[in-house]
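Some notes on the structure that comes next.
The values are calculated or read from the model by the stated rules, or taken from the named source; none is laboratory data. Remember, it's a predicted structure, so these values are computed and weren't measured experimentally. Heads up, the Cβs are rebuilt from the backbone with ideal geometry, glycines too, and the neighbour counts pull from every protein chain shown.
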Amino acid sequence: PVGEPPTFCRRAEPQTKEMLERWGAWAQEAPNEVGGLMVVPCGAPVNVIFCVSADASVVPQEKLKKKSVGSSSSFFTNPMKWSDIPGLCDLENDTFGGSFRIGGKNLRLMDYHAGAQTYLVPHQKPGHFYEAAFMLPTMTPEAAEVMARMTKTSIAPNGKCSLLVFMFGGKASEASNEATAIESRDYRYWVIVEGSWEFSKDKAVNDARKAAVAEWTRKVRLELAPHGLKESPHVFEGEDEEGGTGLRKAFVDSNIDRLLALKDKYDPHNTFPFNKILNKEDGEEKKD
């Protein structure tokens with residue numbers, strides 16, 4: 001089931017900080033079956049999306065009846081109340097410190113790709129972006145303060161930028177860091193700094209807009225660095241900038257060796273070159 005995205009109205013920076021702290025505290029203790037994210041746009045109301053597994057032992061399946069095929073909402077089901085799912089009833093009216101809450105009273109079962117992903121479509125329209133991503137171990141008051149301050153309209157380069165704070169942990173955290181080549185399973189949040197700007201055909205204007213967004217993206221990351229920030233192994237333009245600590249630092253030494261060994265075994269000719277962390281620095285085809 002996916003929670004119909006509630007919008008939490010905020011009026012000031014302290015309110016955004018409180019919302020991040022309270023949501024972070026809840027996410028820290030949430031059951032492993034629960035996931036979601038908080039979208040913090042620059043100068044706009046905060047949006048939160050919750051997801052929970054459809055495990056029959058957790059979610060009452062008799063509530064989840066399919067609507068007629070052919071309906072525009074064929075992947076949606078009869079709505080469920082938050083109180084229908086153990087452990088989530090306390091979220092039915094929680095505003096996480098916002099002025100008030102709009103919507104988000106029900107949960108619905110839906111297909112992930114045809115249903116849940118559509119909630120991200122408004123945030124993933126084609127455009128011009130400069131992004132970075134990293135992980136945080138906890139949502140400290142200091143980290144929440146940085147995120148709240150950096151999304152103020154007086155600091156952000158425009159209203160198109162935002163922070164996407166995803167819940168980490170969950171079932172993946174049940175495995176140890178040494179169990180697989182992907183580590184950092186004890187980190188609780190993944191933050192995407194989504195810098196965007198309105199394209200201009202005037203090259204000088206467009207370059208200036210991009211530069212302002214890039215500077216904001218770097219500053220967010222640098223200000224969060226003292227609060228446990230760790231690079232994540234993703235390929236964003238902002239990851240290659242001087243402000244970052246390098247993609248390879250997203251892995252411990254032993255784990256990067258294991259990843260490179262898998263790369264050499266299954267892709268010796270670099271057929272899949274997209275992820276820079278596993279490629280030669282010159283980008284050329286690997287030789288036998």
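Restricting to region 139-155, give me the number of residues that are under 15 Å from Trp190 (Cα atoms) and either touching a strand residue (DSSP E or B) at 6+ places or on another chain (Cβ under 8 Å) or among the acidic types (Asp, Glu) (or both).
3
Given the conditions (1) within 20 Å of the chain's Cα centre (by Cα); (2) at pLDDT below 70; (3) hydrophobic (A, V, I, L, M, F, W, C), and given that Phe129 satisfies all but one, which numbered condition is not satisfied?
(2)
Checking Ala204 against (1) loosely packed, with under 14 Cβ neighbours inside 10 Å; (2) assigned to a strand (DSSP E or B), only one condition comes out false. Which one?
(2) is the only condition that Ala204 fails.
Which one of these does Met167 not meet: (1) modelled with pLDDT of 90 or more; (2) of a type outside the set (Val, Ile, Thr); (3) crowded, with 21+ Cβ neighbours inside 10 Å?
(1)
Scan Gly70, Gly43, Gly24 and give me the residue that is touching a Ser or Thr at 6+ places or on another chain (Cβ under 7 Å) and either on the phi > 0 side of the Ramachandran plot or modelled with pLDDT of 70 or more (or both).
Of the residues listed, the single one that is touching a Ser or Thr at 6+ places or on another chain (Cβ under 7 Å) and either on the phi > 0 side of the Ramachandran plot or modelled with pLDDT of 70 or more (or both) is Gly43.
Among Val235, Val220, which is the only one that is closer than 18 Å to Phe129 by Cβ, surrounded by 12 or more Cβ atoms within 10 Å (Cβ to Cβ), among the hydrophobic types (A, V, I, L, M, F, W, C) and at pLDDT 85 or above?
Unique residue meeting the criteria: Val220.
Within region 158-175, track down each residue that is in a loop (DSSP other than H, G, I, E, B) and closer than 17 Å to Met135 by Cα.
Within region 158-175, the first condition is being in a loop (DSSP other than H, G, I, E, B), and the residues that meet it are 158-161, 168-169, 175.
Residues satisfying the conditions are Phe168, Gly169.
Looking at Glu215, is it outside any loop (DSSP other than H, G, I, E, B), surrounded by fewer than 20 Cβ atoms within 10 Å (Cβ to Cβ), modelled with pLDDT of 90 or more and of a type in the set (Asp, Glu)?
On the way: outside any loop (DSSP other than H, G, I, E, B): yes; surrounded by fewer than 20 Cβ atoms within 10 Å (Cβ to Cβ): yes; modelled with pLDDT of 90 or more: yes; of a type in the set (Asp, Glu): yes.
It is true that Glu215 is outside any loop (DSSP other than H, G, I, E, B), surrounded by fewer than 20 Cβ atoms within 10 Å (Cβ to Cβ), modelled with pLDDT of 90 or more and of a type in the set (Asp, Glu).
Whether any residue in region 27-44 is assigned to a helix (DSSP H, G or I) and crowded, with 21+ Cβ neighbours inside 10 Å is what I want to check. Lay out the reasoning, then the answer.
Here is the first cut: in region 27-44, the ones assigned to a helix (DSSP H, G or I) are 27-29.
With crowded, with 21+ Cβ neighbours inside 10 Å added as a condition, the list becomes 27.
Yes.
Just to be sure, is Ser200 in contact with a Phe, Trp or Tyr (Cβ under 7 Å, 6 or more places away or on another chain) and among the polar types (S, T, N, Q)?
Details: in contact with a Phe, Trp or Tyr (Cβ under 7 Å, 6 or more places away or on another chain): no; among the polar types (S, T, N, Q): yes.
Taking the combined requirement at face value, the residue does not satisfy it.
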